[in-house]
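Novice: One structure, pasted below without further comment.
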Amino acid sequence: MVNPVLKWAGGKRQLLDELSARFPEDYNHFHEPFFGGGALFFDLEPENGTINDTNIRLINFYEQVRDHPEELIDRLESYRDPEDDPDSENDFAETNHKGKEIKNYYYQQRARFNKRPYGESFDPIEEAALLLYLNRTCYNGLYRQNSSGGFNVPIGRYANPDWVQEQRIRKASDVLKNTEIFNRDFKYILEYAEPGDLVYFDPPYEPMSSTAYFTDYSAEGFGQEDQERLLEVAQELDEQGVYVILSNSGVMYDMYDNVGFSVEIEGATRAINSDAENRDKVDEIIATNVPEDERRGRIQKGLADFS
Ligand SMILES: C[S@@+](CC[C@H](N)C(=O)[O-])C[C@H]1O[C@@H](n2cnc3c(N)ncnc32)[C@H](O)[C@@H]1O
């Protein structure tokens, strides 16, 4: 079990046991088309397969972790405390791309991280190191961009921010060694998944009540049309004999139930799971086509978990 390197919105650490319990006993390759922080992938440590995300800088980050972990660590070690003065020997020591005054080291690194969206040449290792640095020093570990793609999260308040994360980077690099990394829409999976493979989908969503209008639902620009495309892709994989596990908002319960997936409710309201009248309290679902008699079942806790 390896820890994720980045903090990422929608991270699935709290659902790991529930997801693993639905895994088939045997499968070939593992694929994760909405990778984000990759909590399940790193927990699982799959031997091979594919990962994907539409976020171009996130994907560059994992390529650098896989291929150049030591350069990445060296670069991270050269960075200073976010509250320090800007580094006068580097770009953006005084003003950012928009001519706004740079207050401290954090905002200088944020401006340097934003070279690519503002059309300047960038160094892939530097950009990856800056992504982790900002992830560990920005407000709440958020990732948010403006309409030009500029990362715009303000500085966070941490007593002792730890942005180097060398052990996590080295372990993540090992786990990623035989993994292909893509920066495409999730439907790339139709070209790569083979019968007997396992695909875990974790699209952007907010846990929410099913009384909210479905058409209003859109998280990070992932709206109703995308949800419908995703359902079609999941069905196509199912027809090809690929195992599919998906986490999603409670509002999607009927969509997956109607096409024959086994759907279960997770989260605070799971006690009322099969009571249709109470579906408006639904938080999150896990949908899967893995037959119950092929599932691993709940993972036994290791001795270490009891100490
Ligand atoms: C809920 S997050 C995944 C969280 C992840 N499971 C974790 O543990 O951190 C969803 C991810 O999907 C990505 N995404 C959004 N639209 C996408 C699309 N059309 N195809 C692939 N990835 C997409 C986002 O960039 C985001 O990183």
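Novice: Report yes if Tyr188 is within 13 Å of the ligand (Cβ to nearest atom) and outside any helix (DSSP H, G or I), otherwise no.
Specialist: So Tyr188 fails the test.
Novice: Checking the condition surrounded by fewer than 20 Cβ atoms within 10 Å (Cβ to Cβ), under 23 Å from Ala128 (Cα atoms) and without any contact (Cβ under 8 Å) to a residue 12 or more places away in the chain, which residue from Glu70, Glu83 passes?
Specialist: Going through Glu70, Glu83 in turn, the sole match is Glu70.
Novice: If a residue has to be without any contact (Cβ under 8 Å) to a residue 40 or more places away in the chain, under 17 Å from the mean Cα position of the chain (by Cα) and not in a helix (DSSP H, G or I) to count, how many in the stretch 136-177 make the cut?
Specialist: 2
Novice: So which pairs qualify, if the first residue must be in the stretch 14-35 and closer than 20 Å to Asp283 by Cα, the second must be within 15 Å of the ligand (Cβ to nearest atom) and in a helix (DSSP H, G or I), the Cβ gap must be under 6 Å, and the two must be at least 6 apart or on different chains?
Specialist: Listed pairs, sorted by first residue: Leu16/Asp43; Leu19/Leu40.
Novice: Can you tell which of Arg57, Arg80, Arg13, Arg110 is among the basic types (Lys, Arg), at pLDDT 95 or above, in contact with a helix residue (DSSP H, G or I) (Cβ under 9 Å, 6 or more places away or on another chain) and within 16 Å of the ligand (Cβ to nearest atom)? I'd like the intermediate steps shown before the answer.
Specialist: On the way: Arg80 fails: within 16 Å of the ligand (Cβ to nearest atom); Arg13 fails: at pLDDT 95 or above; Arg110 fails: within 16 Å of the ligand (Cβ to nearest atom).
Of Arg57, Arg80, Arg13, Arg110, the one residue that is among the basic types (Lys, Arg), at pLDDT 95 or above, in contact with a helix residue (DSSP H, G or I) (Cβ under 9 Å, 6 or more places away or on another chain) and within 16 Å of the ligand (Cβ to nearest atom) is Arg57.
Novice: I've got another one for you. What is the one condition in (1) more than 19 Å from Leu131 (Cα to Cα); (2) modelled with pLDDT under 95 that His97 does not satisfy?
Specialist: Against the list (1) more than 19 Å from Leu131 (Cα to Cα); (2) modelled with pLDDT under 95, His97 comes up short only on (1).
Novice: May I pose another question? Inside the stretch 155-174, can you point out the residues that are in contact with a helix residue (DSSP H, G or I) (Cβ under 6 Å, 6 or more places away or on another chain) and not charged (D, E, K, R)?
Specialist: Kept after step one, since they are in contact with a helix residue (DSSP H, G or I) (Cβ under 6 Å, 6 or more places away or on another chain), are these residues of the stretch 155-174: 155-156, 161, 163-164, 166, 169-170, 172-173.
Residues satisfying the conditions are Ile155, Gly156, Pro161, Trp163, Val164, Ile169, Ala172, Ser173.
Novice: Name the single residue, out of those in the stretch 16-41 being near the ligand (Cβ under 10 Å from one of its atoms) and over 16 Å from Asn52 (Cβ atoms), that is surrounded by the fewest Cβ atoms within 10 Å (Cβ to Cβ). Explain how you work it out, then say what you get.
Specialist: Narrowing the stretch 16-41 to residues near the ligand (Cβ under 10 Å from one of its atoms): 16, 19, 32-41.
From what's left, over 16 Å from Asn52 (Cβ atoms): 16, 19.
Working: Leu16: 15, Leu19: 22.
Only one residue fits best here, namely Leu16.
Novice: Give the stretch 42-54 a look and list any residue that's part of a loop (DSSP other than H, G, I, E, B) and near the ligand (Cβ under 9 Å from one of its atoms), or say none.
Specialist: If the condition is that a residue be part of a loop (DSSP other than H, G, I, E, B) and near the ligand (Cβ under 9 Å from one of its atoms), then Asp53, Thr54 are the ones that fit.
The values are calculated or read from the model by the stated rules, or taken from the named source; none is laboratory data. Given the structure is predicted, the values throughout are model-derived calculations rather than measurements. Cβ coordinates were reconstructed from backbone atoms using ideal geometry, including for glycine residues, and neighbour counts include every protein chain displayed.
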